[in-house]
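The values are calculated or read from the model by the stated rules, or taken from the named source; none is laboratory data. Keep in mind it's a predicted model, so treat the numbers as computed, not measured. So basically every Cβ, Gly included, is an ideal-geometry build from the backbone, and we count neighbours across all protein chains shown.
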Amino acid sequence: MTVDWGVRIFAFMNIETIKEFIQSRKILLGCIAGGIALCIAGYGIFAVQQSIAVENARIAEQNRIEQERILKGKQDAERAKVIESMKRLIETGNAETALTVAEQNKELMNNELRAMIHLATEKDLLDRIERTSKWNYSDLAKYYGELADLDPENSKYRKELKGYDKKLRKRLERKLYAQAQALPVRDFKANMDIYDELMQLNPGEKLYKSKYDRYREKYDAFMKELAKFGPKPELSADRKFYPEVKKYLKNSSMYPETLEMESATDCYYTDSGWLVGCTYSEKNEVGTKFSEFMWFTISNSTVQKVEPGGAYTVN
């Protein structure tokens, strides 16, 4: 094989390689071109979809605004009717009914309706005052108090409130003093409390202070005396017995397993200790039930003395 032939063979081989290369490049370029075309088409679809979505959103917003406008129009019309109805009711002396109308339509609330409610409230309170007896200080003070809160700048309402409040306090003072006069002298705590209240009503009255101090001194001395008897006995939750009495009866009864506590009095005091009355029942050996009321004197949580039911009378 000559050199020239070898060269021709090599050249032929190179020509085939070049053709394949070119062919592969054509395929690659075709793929790229196809991909670009698909991207362009996809973008176009996306752009159209976006445009449709924007338009739909715009239409939805327009619809929402229109619905709100329609609703507002209806509410304004309803509110106008309510306000006009309240005006007529107020003018005809039916402010309380006007307030009921407002309460039934509170979903229409705005500044205009609030102003109408304010007017109706004021007129209703004034109507109530007009219908109230001039001697009914408590109600008059209440109504003028509400008017003063409603219109703090109105000096007339504040002045009337002060006047009726003063009259009311004076009436209450007379009532409390009459109650104090009727109290037993030995009821130190009740007297002390009522004179304390009278001092709050009329701090300038020296009599109330001297009476309070005297009863306070007696009460403190009395409580010191009671302290030697230990803690005050307390009723059971069902208010049928005192634990100290039940324990005593259990220990001293011939039939403790049949013992039933039936009722108990309040707790009193004597010179000997705390005094309580209890009703209890038992059954004897043949099953006969008997019930009895007795008085028990308790000191330092222990029953010290037992007396028959007729030994004391509770007023």
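Tabulated values for the structure
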{"read-out": "Subset of segment 252-291 that is assigned to a strand (DSSP E or B) and among the β-branched types (Val, Ile, Thr) - its residue that is surrounded by the most Cβ atoms within 10 Å (Cβ to Cβ)", "value": "276"}
{"read-out": "Any hit, segment 204-220, residues being closer than 15 Å to residue 301 by Cβ and not in a loop (DSSP other than H, G, I, E, B)", "value": "no"}
{"read-out": "Evaluation of residue 264 against (1) in contact with a Cys (Cβ under 9 Å, 6 or more places away or on another chain); (2) on the phi > 0 side of the Ramachandran plot; (3) small (Gly, Ala, Ser) (one fails), failing number", "value": "(2)"}
{"read-out": "Residue 103 being over 30 Å from residue 225 (Cβ atoms), surrounded by fewer than 17 Cβ atoms within 10 Å (Cβ to Cβ) and not assigned by TED's automatic domain parsing to the domain that holds residue 217", "value": "yes"}
{"read-out": "Members of segment 83-119 found to be over 22 Å from residue 154 (Cα atoms), of a type in the set (Val, Ile, Thr) and part of a helix (DSSP H, G or I), listed by number", "value": "83, 97, 100, 101"}
{"read-out": "Filtered residue count, segment 179-203, keeping only those that are basic (Lys, Arg) and either part of a helix (DSSP H, G or I) or surrounded by 13 or more Cβ atoms within 10 Å (Cβ to Cβ) (or both)", "value": "1"}
{"read-out": "Given (1) within 42 Å of the chain's Cα centre (by Cα); (2) surrounded by 14 or more Cβ atoms within 10 Å (Cβ to Cβ), index of the condition residue 224 fails", "value": "(2)"}
{"read-out": "Qualifying residue in segment 196-205 (condition: of a type in the set (S, T, N, Q) and more than 33 Å from the chain's Cα centre (by Cα))", "value": "yes"}
{"read-out": "Residue among 78, 122, 66, 96 that alone is exposed (fewer than 11 other Cβ atoms within 10 Å of the Cβ) and not basic (Lys, Arg)", "value": "66"}
{"read-out": "Residues located in segment 143-178, provided they are surrounded by fewer than 12 Cβ atoms within 10 Å (Cβ to Cβ) and within 30 Å of the chain's Cα centre (by Cα)", "value": "149, 152"}
{"read-out": "Leading residue by the ranking (farthest from residue 126 (Cα to Cα)) among those in segment 84-106 that are touching a residue at least 12 places away in the same chain (Cβ under 8 Å) and within 32 Å of the chain's Cα centre (by Cα)", "value": "105"}
